[in-house]
1. May I ask you to list pairs of residues, at least six apart or on different chains, whose Cβ atoms are under 8 Å apart, with the first in the stretch 181-198 being without any contact (Cβ under 8 Å) to a residue 60 or more places away in the chain and the second being of a type in the set (Val, Ile, Thr) and exposed (fewer than 15 other Cβ atoms within 10 Å of the Cβ)?
2. Quick check: anything in the stretch 263-276 among the aromatic types (Phe, Trp, Tyr), touching a strand residue (DSSP E or B) at 6+ places or on another chain (Cβ under 8 Å), over 22 Å from Ala129 (Cα atoms) and not in a helix (DSSP H, G or I)?
3. Can you find even one residue in the stretch 167-178 that is open to solvent by 70 Å² or more (accessible area, probe 1.4 Å), modelled with pLDDT under 95 and within 30 Å of Asp74 (Cβ to Cβ)?
4. Looking only at residues that are charged (D, E, K, R), open to solvent by 10 Å² or more (accessible area, probe 1.4 Å) and at pLDDT 95 or above in the stretch 86-112, which one is farthest from Ser213 (Cα to Cα)?
5. Please go through the stretch 100-112 and give me each residue that is closer than 17 Å to Ala221 by Cβ and not in a helix (DSSP H, G or I), ordered by number.
6. In the stretch 228-244, what residues are closer than 15 Å to Glu257 by Cβ and open to solvent by 10 Å² or more (accessible area, probe 1.4 Å)?
7. What is the one condition in (1) under 19 Å from Ala46 (Cβ atoms); (2) in contact with a Ser or Thr (Cβ under 9 Å, 6 or more places away or on another chain); (3) open to solvent by 20 Å² or more (accessible area, probe 1.4 Å); (4) among the acidic types (Asp, Glu) that Asp78 does not satisfy?
8. Being open to solvent by 60 Å² or more (accessible area, probe 1.4 Å), polar (S, T, N, Q), modelled with pLDDT of 75 or more and farther than 16 Å from Asp101 by Cα is the filter here, so list the residues in the stretch 1-49 that pass it.
Amino acid sequence: MKHSLYIKKLLFHSGVMRGVRSLLPSPGVRILRYHAIVSAADNYYASPSICLSPTIFEQQIRYLSRHYKIISLDTVADCIETQTPFPAKSVVITFDDGYQDNYLAYQILKKYRATGTFYIAAGCIDNAAPLWLFEVIYLVNSTKAKVVTLHAAEQSHHFALDDTRLRQTAIRKITELVKSNDLDTRITMLKQLKEQIRDVRDLDEKCAQVMLSWDQVKEMADNHMTIAGHTMTHLNLPNAAPEDALHEIQSCRKRIEEETGRPAVHFSYPNGGNYDYYNDTIKEMVRQSGYRTATTSKNGISVLASDLFALERIRITPHLSEMIYQMDMEPLVKP
């Protein structure tokens, strides 16, 4: 891993990557997938794997604004629908979830005259409802309990919390368990978790600081940012009852349009990883709900032949050289 990163840094700083970008530009569009923009010292609400410090984020945006053309998802949709080539070296900046720190990301984008798409869990904005991912992370990391047990589908699941490593494993496994079940089961499991973790008394106070406000979202929309759908409560759609999945998809769009006064025609499927987080049925629900595109967490560059409702994105890393390698070099070496 270290050896691979060293090589990528060497290729980046030597100018090789820039040369490849000029001589062999990719015909596709690079849709970048960000989440939380927060330093490690200030992060209590998101998985460290999806966090980027504000300093590193600004470094990346500064570089991208100088060496690429940052475009909107509307332009991506126009190109795919008409089979018109994407602008050369085009990039789309996207964020999932709607964390409060995305307001700082918006300010940095504005500083560099760049635009971005913010996929928000609309029912959690203004902290109207807690983001369940935050609840799991904060409860498990803050409790003095040594073990918790959750019951789902007539099975008992035990999670040891004796040290930091075990807590991180528990968070990952509890999150996977919640995503693998429907909405009612999610509600039940979170209730079980809170009943067993009673020593964390500032959950509501911390929760009130996690998500964007509608005033912030409205300001972002008024300043050339795209506000897009990410369901109401970050529900894993394929495991939900059909009526719950449809409600999450449709109500999200309706709420965004009511609050911003602007169309919400882009969508991002919540979750990702080695389990189903979208399928043909969910894609059709999104299409029929009036969205124009939907993005995934599948790593790759989107091309003119890409499915508008299964657009690939590029996973963000804190290392600029590694990210640029994914954008410019990897498409050339992949079969």
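The values are calculated or read from the model by the stated rules, or taken from the named source; none is laboratory data. What you are looking at is a predicted structure, and each value in this text was computed from that prediction instead of being measured. Reconstructed Cβ throughout: ideal geometry from the backbone, glycine too, with neighbour counts over all protein chains shown. When the accessible area is computed, the model is the full protein with side chains, heavy atoms only, and any ligands, DNA or RNA have been set aside. Shrake-Rupley method; radii C 1.70, N 1.55, O 1.52, S 1.80 Å.
1. Gln192/Thr149; Gln196/Thr149
2. No, the stretch 263-276 has no match at all.
3. Taking every residue of the stretch 167-178 in turn, none turns out to be open to solvent by 70 Å² or more (accessible area, probe 1.4 Å), modelled with pLDDT under 95 and within 30 Å of Asp74 (Cβ to Cβ).
4. Step one: filter the stretch 86-112 for residues charged (D, E, K, R), giving 89, 96-97, 101, 110-111.
In the following step, the residues that additionally are open to solvent by 10 Å² or more (accessible area, probe 1.4 Å) were identified as 89, 101, 110-111.
From what is left, the residues that are at pLDDT 95 or above are 101, 110-111.
Details: Asp101: 11, Lys110: 18, Lys111: 21 Å.
This residue is Lys111.
5. Gln100, the sole residue that qualifies.
6. Met232
7. (1)
8. Ser14, the sole residue that qualifies.
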